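The values are calculated or read from the model by the stated rules, or taken from the named source; none is laboratory data. None of these values were measured; they are calculated from a predicted model. Cβ: placed from backbone, ideal geometry, glycine included. Neighbour counts: every protein chain shown.
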Amino acid sequence: MAKNPGKTMAEASGVRSRIEKLKAEAMELHGSVGPAQNPHVLSAALWRAMRPERSRVQVRAAFLLEQVQLARIEIGPLWRLAGNHLPRAVGRWAKLDPAEPQTVADLTELGITVDEIPKLCRQVQQWRGASSAAADMRQWCSLGDADPDCGLGRGPWLGEEPTHVFIAGGWTENHSIRDYAKLLRVGFAGIGEEVRRLLDQADIAAADTVRKENFRRAALHVCEAGVALGRRYAERARQMAGKATDPADRARLTLMAETCHRVPARGARTCFEAVQALWVGHVLTCGEDGINANSLGRLDQILYRYYQADVAAGRLGRDEAVEIMAELACKLYQDYDVQAIVLGGQDAEGRDVNGVTAMLNSLARMPHNRAAAASAAIVELDEKVIEGPEGVKRLAELIRSAIAMGVGQLQWNVTTADRLRLAQEDPERYGNIAVRVAGFSQMFRLIDRELQDHIIARTKHKG
């Protein structure tokens, strides 16, 4: 196969124009929001997911699948990557009133019968922790069953008289990074097959079988959602391609249909398929958890093998790869869609190889001033670097130099690999060690072993 010759000047100009238009659209719409949705699509999806035999985690997973099936989808002009955020990510829960004609009309449009609507309203409000005293359902959040004393002191925490206690519950799966590398390797269908094998092979006598089965059945709903979302966009692109009169537009939509039919259901074969699968995986993450700082992670490691294979086969050049990544960046433009992405410049384990001053010089080349507080670097220092008055002075000089060069947010871990290994073996004795992870700090003893090993392996700069 002939090697990719690169783009002509006219083609390169066309690419820049397309990306600039996509960028302008993303900024105007404040993200990849897609078409207007039925205002009660979230309530209808949750109602369809709430079955008596399902646990709470299974309902949450099924809720994602129902969103995929109920959401309106569209494919905008110029886009080559398919997919917009699901209603949970960019929409709001509309107020439910079974006596309101518009509420009834919206819900019946989504397949809810008139007889089901009063029960739907009660159950959705109960699931979301709503109270009759808090009509917008956002000022209240509580856990557990109510009793006569439980309501004492409860109330809106931003009211004119802030005399109440704010009771809140949360969860731990946000600010996380999914195993996107596995998704790109085997697809949601492949993950689903693995989950089914685990269910079939489960030891029913084992103490934790019920817990594992609960999670695995929820995982199957997520896999079904991933396959279904790709296929919906494939079908929509195929329909649009059949009606397209412009040959270039028809080719764009045909490629999109073929790509979405393949991924994310099955493993990616090319760099473009890998980026498409990655984006749909992120859409599903945000559809379950909202726009909540869930990062794509090590893009340099996740995507590089596909880029290498494409380049070797002559399918892709650097300019085309940059174009794909620029379009992905436009898709990711969203308030609080914080991305801790590594794009390169380090070894395969994510460690710096040229020293702290060289690393800061590299960071200074990025336009941090164009996105205030949007960039952050975690810098690992050996304790000896800041030892004594001279060490403190050395650290201060590093920070001043970085600021003078325009480097963005810097987060420092000051420890040694040996000390962290001791903390692994004796967490009680070394329980006060805190480390910066990726966007958050955590006590080292509370981090799982795999992530502890990763933090130990990160470079500890010694000067």
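So, residue 216, is that one exposed (fewer than 12 other Cβ atoms within 10 Å of the Cβ) and among the basic types (Lys, Arg) or not?
No.
Tell me, yes or no, whether the range 26-38 has at least one residue that is modelled with pLDDT of 95 or more and either of a type in the set (Phe, Trp, Tyr) or surrounded by 12 or more Cβ atoms within 10 Å (Cβ to Cβ) (or both). Yes, because at least one residue in the range 26-38 is modelled with pLDDT of 95 or more and either of a type in the set (Phe, Trp, Tyr) or surrounded by 12 or more Cβ atoms within 10 Å (Cβ to Cβ) (or both). Looking only at residues of the range 403-414 that are at pLDDT 85 or above and small (Gly, Ala, Ser), we find that the one that is surrounded by the most Cβ atoms within 10 Å (Cβ to Cβ) is 406. For residue 57, the test of being in a helix (DSSP H, G or I), out of contact with any Lys or Arg (no Cβ under 8 Å at 6 or more places or on another chain) and not hydroxyl-bearing (Ser, Thr, Tyr) is passed. Considered as a group, the residues in the range 415-437 that are surrounded by 17 or more Cβ atoms within 10 Å (Cβ to Cβ) and among the hydrophobic types (A, V, I, L, M, F, W, C) include one that is farthest from residue 380 (Cα to Cα), and that residue is 423.
A quick yes/no check of all residues on (1) touching a Leu at 6+ places or on another chain (Cβ under 8 Å); (2) more than 20 Å from residue 232 (Cβ to Cβ):
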{"residue": "38", "(1), (2)": "yes, no"}
{"residue": "54", "(1), (2)": "no, yes"}
{"residue": "57", "(1), (2)": "no, yes"}
{"residue": "63", "(1), (2)": "yes, no"}
{"residue": "74", "(1), (2)": "no, no"}
{"residue": "79", "(1), (2)": "yes, no"}
{"residue": "89", "(1), (2)": "no, no"}
{"residue": "97", "(1), (2)": "no, yes"}
{"residue": "113", "(1), (2)": "no, yes"}
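In summary, residue 309 fulfils each of the numbered conditions (1) part of a helix (DSSP H, G or I); (2) in the same structural domain as residue 67 (by TED's automatic domain parsing); (3) farther than 15 Å from residue 180 by Cα; (4) of a type in the set (A, V, I, L, M, F, W, C) with the single exception of condition (2). Out of all the residues in the range 79-92, which are modelled with pLDDT of 95 or more and of a type in the set (A, V, I, L, M, F, W, C)? Result: 79, 81, 82, 86.
Which of (1) at pLDDT below 95; (2) touching a helix residue (DSSP H, G or I) at 6+ places or on another chain (Cβ under 7 Å); (3) surrounded by fewer than 16 Cβ atoms within 10 Å (Cβ to Cβ) does residue 180 not meet, given it meets every other one? Only one criterion is unmet by residue 180, namely (3). Go through the residues of the range 380-389 one by one and say whether even a single one is more than 26 Å from residue 332 (Cβ to Cβ), surrounded by 12 or more Cβ atoms within 10 Å (Cβ to Cβ), more than 29 Å from the chain's Cα centre (by Cα) and β-branched (Val, Ile, Thr). Among the residues of the range 380-389, at least one is more than 26 Å from residue 332 (Cβ to Cβ), surrounded by 12 or more Cβ atoms within 10 Å (Cβ to Cβ), more than 29 Å from the chain's Cα centre (by Cα) and β-branched (Val, Ile, Thr), which makes the answer yes. Every condition in (1) at pLDDT 80 or above; (2) in a helix (DSSP H, G or I); (3) closer than 27 Å to residue 332 by Cα is met by residue 400 except one, and the failing one is (3).
When you check residue 258 against the structure, is it at pLDDT 95 or above, closer than 16 Å to residue 276 by Cβ and among the charged types (D, E, K, R), yes or no?
Details: at pLDDT 95 or above: yes; closer than 16 Å to residue 276 by Cβ: yes; among the charged types (D, E, K, R): yes.
It is true that residue 258 is at pLDDT 95 or above, closer than 16 Å to residue 276 by Cβ and among the charged types (D, E, K, R).
Taking the range 375-397 as the range and being in a loop (DSSP other than H, G, I, E, B) and in contact with a helix residue (DSSP H, G or I) (Cβ under 8 Å, 6 or more places away or on another chain) as the test, only 375 passes. Any residue in the range 286-306 that is within 15 Å of the chain's Cα centre (by Cα), closer than 30 Å to residue 62 by Cβ and acidic (Asp, Glu)? Within the range 286-306, one or more residues are within 15 Å of the chain's Cα centre (by Cα), closer than 30 Å to residue 62 by Cβ and acidic (Asp, Glu). Hey, can you tell me all the residues within the range 64-80 that are touching a residue at least 60 places away in the same chain (Cβ under 8 Å) and either of a type outside the set (S, T, N, Q) or crowded, with 22+ Cβ neighbours inside 10 Å (or both)? Selection gives 64, 65, 67, 68, 73, 74, 75, 77, 78, 79, 80. Taking into account only those residues within the range 39-58 that are surrounded by 18 or more Cβ atoms within 10 Å (Cβ to Cβ) and hydrophobic (A, V, I, L, M, F, W, C), which is farthest from residue 73 (Cα to Cα)? Once the filter is applied, the top-ranked residue is 50.
Which fully enclosed helices (runs of 4 or more DSSP H) of the range 183-300 have 3 or more residues being touching a Leu at 6+ places or on another chain (Cβ under 9 Å) and among the aliphatic types (A, V, I, L, M)? Step through it out loud before you land on a result.
Numbers: elements: 209-243, 247-262, 271-289.
Per the criteria, 209-243, 271-289.
Filter the range 81-124 down to residues that are without any contact (Cβ under 8 Å) to a residue 12 or more places away in the chain and not in a loop (DSSP other than H, G, I, E, B) and give me whichever is surrounded by the most Cβ atoms within 10 Å (Cβ to Cβ). Checked the range 81-124; the qualifying residue surrounded by the most Cβ atoms within 10 Å (Cβ to Cβ) is 108. Listed by first and then second residue, the pairs with beta-carbon distance under 7 Å, at least 6 apart or on different chains, first residue in the range 294-319 and over 23 Å from residue 337 (Cβ atoms), second acidic (Asp, Glu) and part of a helix (DSSP H, G or I), are 316/310.
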